[in-house]
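Here is the structure we will look at.
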Amino acid sequence: MIAPAFVLSRLLYILGFEARSDRESDRGGGSNRREAQRPGRSPLPGRTPLPGWSVAAVASALYAAALPPLGLGPLAFLVPFGFLLAADSQFGRPNLRAVFWWGLLQWMVTFHFIRLPHWAGWIGWPIMAGYFAIFNVLLVAVSRRLIQRLGWHPVLTVPLVWTSLEWLRSVLFTGFPIGLLGHALYLQPFWIQTADIAGELTVTFLVALTGCGLGAVLLPRGRRGWGALTERESASAVAATAATGAEAPRRSLADRWAPLACLVLGGGTLVGYGFWRMEQFVSPAPTAQDPVVALVQGAQDVQFGLSAEQAGEQQRENYATHQALTARARQQDAAAVVWAESMFPAVDVLPFESTAYQARLDQEAAADAVRGGVDEETRRRRWPLESLVLAQRQLPLAVRETTGTGPAPVYPYAAGVPLIAGLSSFDPVADRDYNAAVLFAADGAVQTRYFKRHLVPFGEYLPLGEWFPALYELAPMPRGLTPGDRPRVLQVAGRGLVPSICYESVIGRLIRGDLRQLNAANAVASGVANDAANADAADSREPLAWDALLNISNDGWFWGSNALDLHLASNVFRAVENRSLHLVVCNTGISAEIAADGRILQRAEKRVPALLLAHVPRRPMEWRPLWWQIGNTPWGGLTVVLVCALLFSFRLSIRLKKV
């Protein structure tokens, strides 16, 4: 029979709680002695190393507190130094198991909203948190190896590794750049102005550099400062100390002053660049020529498992709320009205050839006869031809009714107003569904469509679902959506709005790519060359000049949780990176008007119906941030350098073992 004490000890070991045994203590601090004799290790003189789990716990707790839901942003400057201590030699060998488990708890607190939309989220919640906890482990393990094997300075190594890992997190598996270190400061725009240099990771690097430098200055480490000895140097120093009894060598003056240099460099850049940019990008005062765009926020949580009657009643209440807010916007002479993602209760049927659609139905009917039948969901998607034509005709009428446009005295307005609304678009011939942002003209006709291009895995499609359709039987969606193919500009009252839908505004490189593509196309369409061919091309193109970013989203999935704050943080960074006004319309919140310097000019409360009126001025053409030119290239290059350094460290270790 297994003794309970043994089971408890193994459990504590797995969780990372490793206490020194009494036998080691009786031998006069044998653990400390062995730790000091290991190559590259040098505990603080006269101090007992803290257990690895405690350092990991404090670092993870600070990180969780810096981000929403607590949102104690200034703690972001302390978080990197906590992980530096976890990776540094003064606390002995890093306890990576403790780093993982505390990281798992940290990310489960930050990402607790994953469990809210559907019961399957309870499964994905710890999986997602565990994936992020692995990056905590990599931060400590990689930093430790570069410090001990190659002699890199700890105060500089941790910020470099941290930024590289955040870049990897932003690109792996389509990218999940939520909860980055810099995002903790989104409510203090002064600190995030450097995002227009190389994106949000610029802020992460400088905050980490400042935090590590500050911690090292306030907590000096013995005689030799924070400089690290390489494995070979440390082995030689230990041998010389044992033979002669001399003190361990001091590091150079540069090593001891490096923390102060990092603090001055990181903090000075944040402060100096912040002052400069905050004065440069002052939002112009609204004028009578600037159109007013009304941002309509609903407050309807997304719920599964409702009956048809309940779902219908919920939809009617939501539509009535939006219609009432739209009426208020018209009373205040709004030039355009914007509804959030999927809030318009209709389907936009794309133009199609009736003969091609009928041929598709006949072909599928023949295939069904061979298979012996078809399921109810497939039969429901096959609209009769008459129903599709009727839906196309009714959509403009529904838009005009929504905006209160029609003959008097039934309707209050004879002239309509442009409406941007999120709804589903359907291509009958290709049998494809799109998540769309549609600009309706004042007469209710469709003017421009934008189809969401960056679809969310497990939310809008299932990986491998195209090859294994049976997977959709386990999900709350009947099938996956189809991504769009290009960005668009929605021209409203002489202003161009670049739309994104939901999660797309979280992916900074996606918005940057859209704007670069539009700027290039606009340069051609504007007739950079004055030859007739380019003039003809300009006449045939849709207007591509833009003045503001627009994000429509439905965050009703998350029931007012901190997911809404994290999404707002990403939207703030998109405004700063691209130096553009950013309008955010979000069901259940947080709708906002964000200036080009990151200041939130106005915002709505969570889960409360709201109407925001935003003036949209012309965007100055000279606002061309460096982010557009270099993107994430520095961080991708940094990652390559770190990988090469790691490979070299392993080769060096092999050579040392042979000596």
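Out of everything in the range 330-346 that is under 17 Å from Cys586 (Cβ atoms) and part of a loop (DSSP other than H, G, I, E, B), what residue ends up being most open to solvent (accessible area, probe 1.4 Å)?
Of everything passing the filter in the range 330-346, Ser342 is most open to solvent (accessible area, probe 1.4 Å).
Quickly run through the range 299-327 and pick out the residues that are of a type in the set (Gly, Ala, Ser) and closer than 13 Å to Met343 by Cα.
Ala299, Ala320
Among the candidates Ala285, Ala261, Ala254, single out the residue that is in a helix (DSSP H, G or I) and modelled with pLDDT under 80. Don't jump to the end; show me each part of the working.
Numbers: Ala285 fails: in a helix (DSSP H, G or I); Ala261 fails: modelled with pLDDT under 80.
Being in a helix (DSSP H, G or I) and modelled with pLDDT under 80 holds for just one of Ala285, Ala261, Ala254, which is Ala254.
Give me the residue from the range 347-362 that is open to solvent by 30 Å² or more (accessible area, probe 1.4 Å) and either of a type in the set (Phe, Trp, Tyr) or closer than 25 Å to Tyr450 by Cα (or both) and, out of that set, modelled with the lowest pLDDT.
Top of the filtered list is Ser354.
Suppose the filter is surrounded by fewer than 21 Cβ atoms within 10 Å (Cβ to Cβ), in contact with a helix residue (DSSP H, G or I) (Cβ under 9 Å, 6 or more places away or on another chain) and either under 22 Å from Val337 (Cβ atoms) or polar (S, T, N, Q) (or both); does Ile594 pass it? It would help to see each step written out before you state the result.
Numbers: surrounded by fewer than 21 Cβ atoms within 10 Å (Cβ to Cβ): no; in contact with a helix residue (DSSP H, G or I) (Cβ under 9 Å, 6 or more places away or on another chain): yes; either under 22 Å from Val337 (Cβ atoms) or polar (S, T, N, Q) (or both): yes.
Spelling it out, it is not the case that Ile594 is surrounded by fewer than 21 Cβ atoms within 10 Å (Cβ to Cβ), in contact with a helix residue (DSSP H, G or I) (Cβ under 9 Å, 6 or more places away or on another chain) and either under 22 Å from Val337 (Cβ atoms) or polar (S, T, N, Q) (or both).
Quick one: in the range 452-465, of everything that is open to solvent by less than 40 Å² (accessible area, probe 1.4 Å) and touching a strand residue (DSSP E or B) at 6+ places or on another chain (Cβ under 8 Å), which residue is modelled with the lowest pLDDT?
Glu460
When you scan the range 137-184, how many residues do you find that are small (Gly, Ala, Ser) and more than 22 Å from Arg651 (Cβ to Cβ)?
First pass over the range 137-184, keeping only residues small (Gly, Ala, Ser): 141, 143, 151, 164, 170, 175, 179, 182, 184.
Okay, now just the ones that are also more than 22 Å from Arg651 (Cβ to Cβ), so 170, 175, 179, 182, 184.
Final tally of qualifying residues: 5.
Could you tell me which of the residues Val155, Val140, Val161 is within 20 Å of Gly215 (Cβ to Cβ), open to solvent by less than 20 Å² (accessible area, probe 1.4 Å), at pLDDT 95 or above and not charged (D, E, K, R)? Write out each step before concluding.
Working: Val155 fails: at pLDDT 95 or above; Val140 fails: at pLDDT 95 or above.
None of the others qualify; the one that does is Val161.
Residues being closer than 20 Å to Val292 by Cα and surrounded by fewer than 21 Cβ atoms within 10 Å (Cβ to Cβ): count how many of those fall in the range 492-510.
The qualifying residues number 2.
Is there a residue in the range 294-315 that is under 19 Å from Leu395 (Cα atoms) and surrounded by 13 or more Cβ atoms within 10 Å (Cβ to Cβ)?
Checking the range 294-315: at least one residue is under 19 Å from Leu395 (Cα atoms) and surrounded by 13 or more Cβ atoms within 10 Å (Cβ to Cβ).
Which of the residues that make up the range 164-196 are open to solvent by 40 Å² or more (accessible area, probe 1.4 Å), part of a helix (DSSP H, G or I) and farther than 24 Å from Leu84 by Cα?
Hits for the range 164-196 are Val171, Leu172, Phe173, Thr174, Phe190.
Answer with yes or no whether Val417 is outside any helix (DSSP H, G or I), at pLDDT 85 or above and not small (Gly, Ala, Ser).
Answer is yes for this residue.
Which one is farthest from Ser143 (Cα to Cα) among residues in the range 93-117 that are open to solvent by 10 Å² or more (accessible area, probe 1.4 Å) and outside any helix (DSSP H, G or I)? Reasoning before the result, please.
The initial filter retains those residues of the range 93-117 that are open to solvent by 10 Å² or more (accessible area, probe 1.4 Å), namely 93-97, 100-102, 104-105, 108-109, 112-117.
Going one step further and asking which of them are outside any helix (DSSP H, G or I), we end up with 93-95, 116-117.
Numbers: Arg93: 12, Pro94: 11, Asn95: 13, Leu116: 35, Pro117: 37 Å.
Here the answer is Pro117.
Residue by residue, here is whether (1) open to solvent by less than 10 Å² (accessible area, probe 1.4 Å); (2) acidic (Asp, Glu); (3) in a strand (DSSP E or B) holds:
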site: Trp546; (1), (2), (3): no, no, no
site: Leu568; (1), (2), (3): yes, no, no
site: Val584; (1), (2), (3): yes, no, yes
site: Arg624; (1), (2), (3): no, no, no
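What number goes with the only condition from (1) in a helix (DSSP H, G or I); (2) modelled with pLDDT under 95 that Arg618 does not pass?
Among (1) in a helix (DSSP H, G or I); (2) modelled with pLDDT under 95, Arg618 violates only (1).
Looking at the range 269-318, which of its residues are hydroxyl-bearing (Ser, Thr, Tyr) and in contact (Cβ under 8 Å) with a residue 60 or more places away in the chain?
Listed by number, the residues that qualify are Thr269, Tyr273, Ser283, Thr287.
Quick one: is Trp152 in contact with a helix residue (DSSP H, G or I) (Cβ under 7 Å, 6 or more places away or on another chain) and in a helix (DSSP H, G or I)?
no
The values are calculated or read from the model by the stated rules, or taken from the named source; none is laboratory data. Since the model is a prediction, treat every value here as computed from it, not as a measurement. A quick note on method: Cβ atoms are made from the backbone with ideal geometry, for glycine too, and the neighbour counts reach across all protein chains shown. Each accessible area value is taken on the protein alone, full model and side chains, heavy atoms only, with ligands, DNA and RNA left out. Shrake-Rupley method; radii C 1.70, N 1.55, O 1.52, S 1.80 Å.
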